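What follows is a set of notes on a single structure, which appears directly below.
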Amino acid sequence: MRANSMNSTRRRLLGAGTALGGLATLGLAGCASTGGPSIGRVVVVGGGFGGTTAARYLKMWGGNVDVTLVERGASFVSCPISNLVIGGYRQMADITRGYDGLKSMGIKVVQGEVTTIDVAGRKVRLAGGSELPYDRLIVSPGIDFMWDQVGGLQSAVDAGRVVHAWKAGPQTVAFRQQLDSMADGGVVAISIPKSPYRCPPGPYERACMVASYLKTAKPKSKLLVLDANPEVQSKKALFEKAFKDHYSGILEYRPNAEIKEVSGKVAKLEFEDVRADVLNVIPPQRAGDIARTAGLVNINSRWVGVNWLTMESTVAPGVHVLGDATFPAPQMPKSGHMANQHAKVAAAAIIQLLKGQPVNATPVVMNTCYSFVTARDVVHVASVHQYDATDKTFKTVPGSGGVSAAANQIEGRYALSWAQNIWDDMLEAV
Ligand SMILES: Cc1cc2nc3c(=O)[nH]c(=O)nc-3n(C[C@H](O)[C@H](O)[C@H](O)COP(=O)(O)OP(=O)(O)OC[C@H]3O[C@@H](n4cnc5c(N)ncnc54)[C@H](O)[C@@H]3O)c2cc1C
């Protein structure tokens, strides 16, 4: 799936510049790499959608910023497109990329676990005991799970009886293998937590991909979608139509079906027990652990409040937090695309702050989330968010967003191109 030719790479980068939000959006047009002595040290925690984009754009826009990225994993594995791996339509290699591109841009990439953030001392400590000093810190740790909200879930996942597959990697593989091994006539259940969670349309795309696989490979099987929410949380009419048109008789959607406990392969809901051969429980979520241990979590005991002009934490000076870990502005989704946009706002602001210059006062960010409803047909939701100086938050621009009129194959091609573009926008050497 990865295109290698120089021309296609260049084309994709140009696409990324427009589709994913370019320099001009952030008021940095013409600001290129300048060389010269370092203007400051930035450490980035987390090599996912937000962290990689921030590291790369600090280098591209600042040039002489000293950037170190710390990531616990050896390579980047994308959650977007991972539902296609679960459905059997893509392989893990298609959603896995290395960090060599960033290294060749002069970014120091350290594989390790950040365990402590010393806000007053402006340094982070790694699991091995080494320390990295910084002038500005970026934290984009994604989400971690609120295991205590569902009794027995953590031990069931640890034992391999239940999968979450809400962080792409071994869990994605495990879910796929369980579907593969299930006999025709088996029952699969997907449990969706109450909003907010990462990727609002993601569980419904997953339901479509699992149902699509069952329809072709194991047609006597059933998929139960147990949603803790009262209704489908994103692209509702489009998903409901896909459920009805393509998967009736296979997929059963149950709203207000919150899981309370897992016992063996039984999902215990408030009024009934649901037995499944393959049980996928997407746990309730909060900001990644390091945000919590560092004292950055200050909203609803789950999320990090930020100043939207700089992405700087509202409690920890010099610490900028991106992506899923943040308490979102109104109608701002927790998505890879949005984490990529947060990263550009933060990179631009940090360069200005290191130079002692004012930050852009009018940032605009945008989001598009594509969802596969069959192996080829896709639907999208898009939104544009503009900073509002009075309320100090991003607000959606009236009339700027929307959803597909209907699922279609052209957007299937756009969705795959979107993924290639954003992975390049995060990881490709410039
Ligand atoms: C099934 C699924 C489908 C999705 N589809 C889409 C889609 O189509 N489009 C879209 O825009 N979004 C999609 N998303 C959402 C998207 O994946 C997330 O919103 C995005 O990953 C958030 O980026 P982030 O930088 O906040 O976190 P992440 O991308 O999760 O990155 C966090 C990184 O930080 C690392 N890390 C955490 N703590 C530490 C530490 N202490 N030390 C070192 N490293 C650390 C982690 O290993 C991880 O690599 C999907 C999500 C799922 C689960």
Going by the conditions given, is V188 in a strand (DSSP E or B), within 16 Å of the ligand (Cβ to nearest atom), touching a residue at least 24 places away in the same chain (Cβ under 8 Å) and crowded, with 23+ Cβ neighbours inside 10 Å?
yes
Could you list, in sequence order, all residues of region 127-143 that are buried (at least 18 other Cβ atoms within 10 Å of the Cβ) and not basic (K, R)?
L132, Y134, L137, I138, V139, S140, P141, G142, I143
Tell me whether region 396-417 contains one or more residues that are open to solvent by less than 50 Å² (accessible area, probe 1.4 Å), within 30 Å of G63 (Cα to Cα), modelled with pLDDT of 95 or more and not β-branched (V, I, T).
no
I want to confirm something. Restricting to region 165-185 and keeping residues that are surrounded by 21 or more Cβ atoms within 10 Å (Cβ to Cβ) and outside any helix (DSSP H, G or I), which single residue is farthest from the chain's Cα centre (by Cα)?
A165
Filtered residues of region 400-422 (kept if within 15 Å of the ligand (Cβ to nearest atom), part of a helix (DSSP H, G or I) and not small (G, A, S)):
E411, R413, Y414, L416, W418, Q420, N421, I422
Which listed residue is within 15 Å of the ligand (Cβ to nearest atom) and either among the hydrophobic types (A, V, I, L, M, F, W, C) or in contact with a strand residue (DSSP E or B) (Cβ under 9 Å, 6 or more places away or on another chain) (or both), from V430, V397, V373, V364
V373
Taking region 296-309 on its own, how many of its residues are more than 11 Å from the ligand (Cβ to nearest atom) and open to solvent by less than 10 Å² (accessible area, probe 1.4 Å)?
3
Looking only at residues that are of a type outside the set (D, E) and part of a loop (DSSP other than H, G, I, E, B) in region 272-295, which one is surrounded by the fewest Cβ atoms within 10 Å (Cβ to Cβ)?
G295
Restricting region 221-271 to residues that are part of a strand (DSSP E or B) and of a type in the set (D, E), the one surrounded by the fewest Cβ atoms within 10 Å (Cβ to Cβ) turns out to be E261
Could you pull out every one of the helices (runs of 4 or more DSSP H) wholly within region 44-124 that has 2 or more residues that are away from the ligand (no atom under 14 Å from the Cβ) and over 16 Å from the mean Cα position of the chain (by Cα)?
100-104
Within region 314-354, restricting attention to residues that are touching a Gly at 6+ places or on another chain (Cβ under 8 Å) and without any contact (Cβ under 8 Å) to a residue 60 or more places away in the chain, which residue is surrounded by the fewest Cβ atoms within 10 Å (Cβ to Cβ)?
T314
I'm told G98 meets every condition in (1) touching a Phe, Trp or Tyr at 6+ places or on another chain (Cβ under 9 Å); (2) crowded, with 18+ Cβ neighbours inside 10 Å; (3) of a type in the set (G, A, S) except one. Can you identify the failing condition by its number?
(2)
Output yes when any residue across region 122-134 is within 30 Å of R413 (Cα to Cα) and aliphatic (A, V, I, L, M), and no when none is.
no
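The values are calculated or read from the model by the stated rules, or taken from the named source; none is laboratory data. Just so it is clear, the structure is predicted and the values come from calculations on it, not from any experiment. Reconstructed Cβ throughout: ideal geometry from the backbone, glycine too, with neighbour counts over all protein chains shown. Only protein heavy atoms, including side chains, enter the accessible area calculation; ligands, DNA and RNA are left aside. Shrake-Rupley method; radii C 1.70, N 1.55, O 1.52, S 1.80 Å.
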